[in-house]
Ligand code: HEM
């Protein structure tokens, strides 16, 4: 394994011929040099992978990969190399030392040199096709497959594109700096060369969820506060009940893991922008400016789904997004949302912006939680007129990594 070096010691070290600073010292060093918030690093090791309960950063680079390796041993080796790289990069390091041979590509691609850790988290997931592909036990891992890792299937209103769906592996890289997030995934792709190829990817900006109670609520591209009633990562009870896989999982290695559902949801921005403020508020069930439910005054007032107007109709309409997504409409189920806004330029056919929400949610049982909620939303949500789901992925997120271990260690 190549040693790794603090990105901010890198330039001087390379110039002076001295070797860089060991990565263990990285976060402290970085913090010492800049008061900026993004000088902080998020610990890579822990009971659960970072990037779920930890505070949502500003930027996302999400990618999925298809494997070209053919054996379990090769898959393990790839994950071992990825783990080492992720450990280094999340601490603000480079993937290898500065300098190197002039006749070989540099170990690190270099674009993040000089940048702080920026709270980079890298969260790894396994697709169903690692355990079974075309009916075959591809890597001899079928017996260790997480029990809920079965296809989501078609949902009402889906217009999924194969080229934006699925994958054998996924990585969610989040950071407060877009170059840091990009660099993280790019270097995994480079390391994987010959063993895995990128399948699809998505850049995201402007978090659309708060995942810690200390975070304020950001707005999505429809201009509404998004994440008000999200599960907070510091709500240990809710995390245990709705997000972390528990003893129901027969594959013991996967307990304390979670399931990630990604959906690329395009917004019909032009249609939305021509709908009246009243329509927009009825669609969501909240006031646009304050984020308060239509039955309340302040953002965090509890929505009253029973309240009726004089004409007998519900104040929060039957088709309002927050009614249909509410726990009380969904057998008490909740999910942890951790999505981002995205734009991929302009649709060449319509001239409209291709922009929307890259929805990411974590849960203990994707079928009981995401699928049930989305089935209801897809059928009845007033928001359906303004959005279309164009990409999808379901990944099993292995539990956290300990020092010296690799991601999904228990799988091998
Ligand atoms: C572009 C698509 C979407 C937009 C613009 C959107 C927007 C919003 C907004 C503005 C809120 C209210 C604030 C809050 O509590 O966070 C909300 C709540 C929520 N949304 Fe979405 N959402 C979208 C897609 C989805 C999808 C696909 C799901 C799950 C299948 C979902 C599940 C939820 C849940 C569970 C809540 C909280 C409900 C509650 O407890 O009150 N949303 N969403």
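Laid out as a table, the results:
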read-out	value
The range 170-221: equivalent-ellipsoid semi-axes (sqrt of 5 x gyration tensor eigenvalues, Cα, Å)	28, 11, 9
More than 23 Å apart - percent of Cα-Cα pairs taken over the range 269-367	41 percent
The range 313-373 - Rg (one decimal) and Dmax (whole number), Cα, Å	15.5, 42
For the range 39-111: Kirkwood Rh in Å [reciprocal of mean 1/r, alpha carbons]	14.9 Å
The range 215-301 pair-distance distribution - Cα-Cα, 10 Å bins, rounded %	14, 33, 29, 18, 7, 0
Angle in degrees between helix 178-192 and the longest Cα principal axis of the chain, rounded to the nearest 10	60 degrees
Mean Cα-pair separation over length for the range 284-411, i.e. relative contact order, pairs under 8 Å, 6 or more apart, %	17 percent
Computed [θ] at 222 nm, helices only, for the chain once each DSSP H run of length n ≥ 4 contributes -39500 (n - 2.57)	-5500 deg cm²/dmol
Over the chain: Rg over Rh, Cα atoms, Kirkwood Rh	0.99
Gained length - residue 66 relative to residue 306, 0.36 nm times residue gap less alpha-carbon distance	81.6 nm
Antiparallel DSSP beta bridges within the chain, percent to nearest 5	95 percent
Nearest-ten-degree value, helix 72-90 long axis tilted from longest Cα axis of the chain	80 degrees
Radius of gyration and maximum dimension Dmax of the range 189-336, Cα, Å	18.9, 67
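Rule-based calculations on the coordinates, nothing more; no lab input. Given the structure is predicted, the values throughout are model-derived calculations rather than measurements.
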